[in-house]
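Just below is one structure, and these are the notes that go with it.
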Amino acid sequence: MILAIETSCDDTCAAVLDDGKLLASVVSSQDEFHARYGGIVPEVASRRHLELINPVIEAALSEAGVRPGQIDRVAATTGPGLIGALMVGVATAKAVAYAFKADFVPVDHLEGHIAANYLPPEPLEPPMICLIASGGHTSIVHVPERGSFEIAGRTLDDAAGEALDKGARLLGLDYPGGAELDSLAAAGDPDFTAFPIGLDRPGNLDFSFSGVKTALYYYLRKAGEQQASSRKADIAASYQKAVVSALIKKTISAAVQLDCRQICLAGGVSANSELRRRLKQECDRRDLRLRIPPPQLCTDNAAMIASAARFRPAIGYPGYLIIGARASGAFVP
Ligand code: KG4
Ligand code: ZN
């Protein structure tokens with residue numbers, strides 16, 4: 001029985017997993033707190049996590065109908081993410097592990113996103129290529145087996161969700177604008193104008209989204225307010241096409257290069273309708289299997305952290321006391 005905690009960004013999350021069966025998953029979003037600043041303010045996120053973490057854990061335990069004595073493992077995301085936000089989750093998890101006489105399991109956030117695919121309703125068995133695209137991360141990960149992964153490509157600057165949110169903001173949409181940009185783009189012509197695809201070279205599996213964002217900025221400046229406003233849907237569709245095309249091209253390339261027949265998605269951007277539609281087409285054309293978990297498992301949640309913790313060694317007291325949070329860098333199990 002695993003109690004997991006996830007606080008790497010702006011969602012305060014706790015979940016209870018019993019031998020692979022999800023008993024509860026509670027997510028308290030801080031979106032409205034950060035909307036007024038047009039982005040996530042790390043210190044505001046840490047303080048809000050501190051207020052929410054205990055009630056969120058209590059809600060998860062009560063929803064699962066589980067007593068503290070039944071918990072064998074307490075897992076927490078130790079990184080990568082916002083350092084202050086992570087520290088709240090890690091410190092809480094260690095304290096709860098001590099109080100519940102349970103072991104502690106440190107979990108990498110990206111491995112958590114991958115492990116969302118091992119949960120019901122349709123648990124997936126590796127090998128697979130996982131595209132993780134969110135507001136904070138964009139990576140292509142090769143997963144040869146459960147409990148192990150290697151990064152095949154990553155963004156060198158902005159994350160895909162960040163690029164979509166920043167583009168949405170330039171177009172006058174509210175934060176986080178990815179979903180709204182998606183709806184606006186549905187009514188536009190993606191071939192209205194061409195925006196650049198970063199690092200568009202054969203064999204290159206890394207991403208760069210800073211160029212497309214700058215291109216949109218100058219495009220709007222040159223177009224002027226009236227044209228920008230009357231062709232807003234077309235511009236949104238063209239911008240989204242450039243971001244989504246990069247994601248699709250490189251994910252398919254990774255599957256081909258690494259000779260892997262299964263592709264899965266993770267992260268909030270996997271909700272994007274154009275990404276889902278076009279990636280499905282590309283996979284069907286090449287006879288690749290595509291798996292997209294339900295939306296609540298794609299965005300940040302603690303169920304995925306609990307799922308990853310099943311395949312990681314547990315650490316007993318007092319060994320886990322020295323484990324801390326890390327903002328970036330490689331995972332050391
Ligand atoms: O995984 P997530 O909930 O949180 C982290 O960033 O870790 O992902 C949020 C990101 C935001 O950038 C948001 O704009 C984007 O996912 N997003 C979308 C859509 N829905 C959410 N991007 C494109 N199309 C969508 N429909
Ligand atoms: Zn995430």
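The values are calculated or read from the model by the stated rules, or taken from the named source; none is laboratory data. For clarity, every value in this text was computed on a predicted model and none was experimentally measured. No Cβ is skipped: glycine too gets one built from the backbone with ideal geometry, and neighbour counts run over all protein chains shown. Note: accessible area is taken over every heavy atom of the protein model, side chains too, but ligands, DNA and RNA are not part of it. Shrake-Rupley method; radii C 1.70, N 1.55, O 1.52, S 1.80 Å.
Data table
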quantity: Region 271-309 - residue that is touching a Lys or Arg at 6+ places or on another chain (Cβ under 8 Å) and at pLDDT 95 or above and, of those, surrounded by the fewest Cβ atoms within 10 Å (Cβ to Cβ); calculated: D287
quantity: Residue check for A15: farther than 21 Å from L321 by Cβ and either open to solvent by less than 10 Å² (accessible area, probe 1.4 Å) or in contact with a Lys or Arg (Cβ under 9 Å, 6 or more places away or on another chain) (or both); calculated: yes
quantity: Qualifying position, being open to solvent by 50 Å² or more (accessible area, probe 1.4 Å), more than 16 Å from ligand 2 (Cβ to nearest atom), outside the structural domain of D10 (by TED's automatic domain parsing) and among the aromatic types (F, W, Y), among Y239, Y219; calculated: Y219
quantity: Any hit, region 89-105, residues being open to solvent by less than 10 Å² (accessible area, probe 1.4 Å), within 16 Å of ligand 1 (Cβ to nearest atom) and closer than 27 Å to Q30 by Cβ; calculated: yes
quantity: G147 being more than 15 Å from ligand 2 (Cβ to nearest atom), modelled with pLDDT of 95 or more and either surrounded by fewer than 20 Cβ atoms within 10 Å (Cβ to Cβ) or closer than 26 Å to I40 by Cβ (or both); calculated: no
quantity: Matching entry among V141, V88, V107 (being among the hydrophobic types (A, V, I, L, M, F, W, C) and assigned by TED's automatic domain parsing to the domain that holds A163); calculated: V141
quantity: Failed item, numbered, when A159 is tested on (1) crowded, with 23+ Cβ neighbours inside 10 Å; (2) on the phi > 0 side of the Ramachandran plot; calculated: (2)
quantity: Yes/no for I151 being over 17 Å from A303 (Cα atoms) and outside the structural domain of I40 (by TED's automatic domain parsing); calculated: yes
quantity: Qualifying residue in region 252-264 (condition: buried (at least 17 other Cβ atoms within 10 Å of the Cβ), within 16 Å of ligand 1 (Cβ to nearest atom) and assigned to a strand (DSSP E or B)); calculated: yes
quantity: Near pairs, Cβ below 7 angstrom, 6+ apart or cross-chain, from region 5-23 (among the acidic types (D, E)) to any residue that is more than 15 Å from ligand 1 (Cβ to nearest atom) and not in a strand (DSSP E or B); calculated: D18/M1
